[in-house]
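To start, the structure itself, in structure tokens.
The values are calculated or read from the model by the stated rules, or taken from the named source; none is laboratory data. Not measured: the values here are computed from a predicted model. Reconstructed Cβ throughout: ideal geometry from the backbone, glycine too, with neighbour counts over all protein chains shown. The protein model used for the area step is the full one, side chains on, heavy atoms only, and it has no ligands, DNA or RNA in it. Shrake-Rupley method; radii C 1.70, N 1.55, O 1.52, S 1.80 Å.
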Amino acid sequence: LIIIDDASTDNSLKKIKKISNKDKRIKILRNKSNKGKAGSINRGFKHVKGDFITFCDADDLFYPERLKKQISFMKRNKEVDLAYGDMIKFWEDGQEKLRKAITFKNFSEPLKRLKKESQLKKDYLGAFAILDTKDYIPGTSVFFRRKIIETGIKMDESMWYEDCDFNF
């Protein structure tokens with residue numbers, strides 16, 4: 001488990017260190033200055049030793065059995081390199097909304113639309129709008145094999161919605 005503290009100013013680091021003292025499998029990386037999500041994840045990629053990778057932001061929750069189920073799925077399906085699923089969005093007013101992930105029959109159509117929209121608008125809000133309404137892959141649900149980052153792929157630190165680009 002790699003935990004990246006992105007220059008937090010609260011007691012997060014102290015709490016993480018207390019937990020990591022009890023479990024040596026936990027590796028803590030602390031950014032001296034705020035690198036953002038993409039910069040922090042790219043830094044974390046350099047320290048990955050396990051077979052599988054997923055992300056968990058400070059405001060994310062995992063179901064207790066999530067990782068066990070995803071690991072089991074990936075071990076049974078060696079031809080699959082990346083998996084994802086639905087997520088529940090928690091709103092400030094306490095409402096919860098199930099966000100269904102896209103089920104791809106083929107990758108070409110959403111990729112063509114993403115590429116076209118990105119080229120037309122030259123910003124990520126347009127591409128995000130496409131993916132957010134129809135072809136949605138919840139970033140927090142993504143679970144993939146280490147070999148993906150061994151190809152040199154990383155998050156684009158210049159993009160506002162970096163996990164969208166990474167997932168595709």
Within segment 129-157, which residues are at pLDDT 80 or above and open to solvent by 50 Å² or more (accessible area, probe 1.4 Å)?
Arg146, Lys147, Glu150, Thr151, Gly152, Ile153, Lys154, Asp156, Glu157
Out of segment 58-82, which residues are under 18 Å from Leu98 (Cβ atoms) and under 16 Å from the mean Cα position of the chain (by Cα)?
Asp59, Asp60, Leu61, Phe62, Tyr63, Arg66
